[in-house]
Amino acid sequence: MLTASFARLTPAQIAAIALLGAVITGQRPAAAVELEVRKVAVFDPPVVAAPVMPDQLPHSRVAHGTRDLARAWLAAPTRRYGHAVLGDDLEAGELRAQMQSGRTLVARLSDDCVFEDLVPRLVDLDADGRDEVVVVQSCHSTGAMITVWGEANGRLVRKAAGGAIGMANRWLNPIGFGDFNGDGRLEIAVVQTPHIGGVVKIYRVDGATLALVAKRGHYSTHALGSTELGLGQVFRLGHADALLVPDQERDHLAVLALRDGRLAELARVPLGAPLASGLAPGAPRTWRFRLADGHAAEVSVR
């Protein structure tokens, strides 16, 4: 009988039987994923431009758009929050967005909140042809949360928010945006509390709130006190998008993707030393970076 002989099968034969079963039942097996790391001679990280917009937050970057918003930036530096995880104790009290017409819109927070971020992210989340601005907002009562802003009736208004941690001095770092479940709509990927047990979370916009799609723990995309936010990347993998992120110690890189509604780790590779820079895109599905031991390297997803 098959059950009596199964123990004598080789791993290759077992894999072949599993693949045949998937074909017979109509299930599509997940594509194999491999990560390859190579040392490289040179890594020139992207240069962050000095602040150029009115009242721009130090160390922050201006986001440029091609839809209704020409650019967006963080402004009105303040020390009223005092968390100081992003290089200094200055945070932004305002979000400003300039329309293609040249008109500047301003969203000003109350005195108990700040924008605890260094770059506003322009993305058309609802596929209406107009940009939303995604930025981290932190308050003394709620800690950090994801907020989505956009133009409405000539004003810059908050359209959605969610993922609040629930206590002050707890932060989250957005990774990026992707169609992680293959339904044609964009979701938001973040790492909550990257310094103390980081959890990758994927959210979708649901009206004025954000609904949690999936989560998985023990990853980090930020070093405490650094101004570098780009330690994670979104890339295409088969019929949907996936994530490339460091583990909690930042000495491995891992590929995460949604599988049957859950966030699964598909591959992992050691780096030999902790990651000490962001992941800079190079060739397709290849990123270069610097390690804490001073070496430069690149990783490719195969």
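All of (1) modelled with pLDDT of 95 or more; (2) within 22 Å of Glu265 (Cα to Cα) hold for Gly197 with one exception: (1). Residues in segment 280-299 that are touching a Pro at 6+ places or on another chain (Cβ under 9 Å), of a type outside the set (D, E, K, R) and either surrounded by fewer than 16 Cβ atoms within 10 Å (Cβ to Cβ) or part of a loop (DSSP other than H, G, I, E, B) (or both): Ala292 alone. Among the residues of segment 72-95, is there at least one that is charged (D, E, K, R), touching a residue at least 12 places away in the same chain (Cβ under 8 Å), more than 22 Å from Met167 (Cα to Cα) and open to solvent by 40 Å² or more (accessible area, probe 1.4 Å)? No, because not a single residue in segment 72-95 is charged (D, E, K, R), touching a residue at least 12 places away in the same chain (Cβ under 8 Å), more than 22 Å from Met167 (Cα to Cα) and open to solvent by 40 Å² or more (accessible area, probe 1.4 Å). Take Leu256 and decide whether it is at pLDDT 95 or above, in contact with an Asp or Glu (Cβ under 7 Å, 6 or more places away or on another chain) and surrounded by 15 or more Cβ atoms within 10 Å (Cβ to Cβ). The answer is yes for Leu256. Note on segment 224-251: among residues that are within 17 Å of Ile202 (Cα to Cα) and of a type in the set (Gly, Ala, Ser), the one that is surrounded by the fewest Cβ atoms within 10 Å (Cβ to Cβ) is Ala240. Restricting Thr221, Thr209 to those that are surrounded by fewer than 19 Cβ atoms within 10 Å (Cβ to Cβ) and at pLDDT 95 or above reduces the list to Thr209. Taken over segment 46-70, the criterion of being under 20 Å from the mean Cα position of the chain (by Cα) and not in a loop (DSSP other than H, G, I, E, B) is satisfied by Ala63, His64. Total residues in segment 272-288 satisfying the condition of being more than 17 Å from Pro194 (Cα to Cα), touching a strand residue (DSSP E or B) at 6+ places or on another chain (Cβ under 6 Å) and of a type in the set (A, V, I, L, M, F, W, C): the figure is 3. Restricting attention to segment 64-91, the residues that are charged (D, E, K, R) and out of contact with any Lys or Arg (no Cβ under 8 Å at 6 or more places or on another chain) add up to 4.
The numbered conditions (1) open to solvent by less than 70 Å² (accessible area, probe 1.4 Å); (2) modelled with pLDDT under 90; (3) part of a loop (DSSP other than H, G, I, E, B) are all true for Arg28 except (1). Scanning segment 134-144 for residues that are touching a Cys at 6+ places or on another chain (Cβ under 8 Å) and touching a residue at least 40 places away in the same chain (Cβ under 8 Å), we see that the one that is least open to solvent (accessible area, probe 1.4 Å) is Ser138.
Applying the criterion of at least 1 residues that are within 20 Å of Leu258 (Cα to Cα) and under 11 Å from the mean Cα position of the chain (by Cα) to the strands (runs of 3 or more DSSP E) found wholly in segment 136-203 leaves 172-178, 187-192.
A Cβ distance below 8 Å, combined with a sequence gap of six or more or placement on separate chains, defines the contacts here; from segment 271-293, residues that are closer than 14 Å to Val42 by Cβ reach residues that are open to solvent by 80 Å² or more (accessible area, probe 1.4 Å) in the pairs Ser277/Arg290; Ala280/Pro46; Ala280/Arg288; Gly282/Arg288.
Among all positions in segment 218-234, there is at least one residue which is closer than 19 Å to Gly163 by Cα and either assigned to a strand (DSSP E or B) or touching a helix residue (DSSP H, G or I) at 6+ places or on another chain (Cβ under 8 Å) (or both).
The rows are residues; the columns are (1) open to solvent by 10 Å² or more (accessible area, probe 1.4 Å); (2) closer than 22 Å to Ala223 by Cβ.
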position	(1), (2)
Asp44	yes, yes
Val48	yes, yes
Gln56	yes, no
His59	yes, yes
Val123	yes, no
Asp126	yes, no
Glu132	no, no
Gly150	no, no
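In the condition set (1) open to solvent by less than 70 Å² (accessible area, probe 1.4 Å); (2) within 29 Å of Val106 (Cβ to Cβ), Pro194 is compliant with all but (2). Residues of segment 265-302 that are more than 19 Å from Gly225 (Cα to Cα), touching a Lys or Arg at 6+ places or on another chain (Cβ under 6 Å) and aliphatic (A, V, I, L, M): Ala280, Ala296, Ala297, Val301.
The values are calculated or read from the model by the stated rules, or taken from the named source; none is laboratory data. These figures come from a predicted structure and were not determined experimentally. As a convention, Cβ positions derive from the backbone with ideal geometry for all residues, glycine included, and neighbour counts pool all protein chains shown. Ligands, DNA and RNA are stripped out before the accessible areas are found, and what is left, the full protein with its side chains, is counted by its heavy atoms. Shrake-Rupley method; radii C 1.70, N 1.55, O 1.52, S 1.80 Å.
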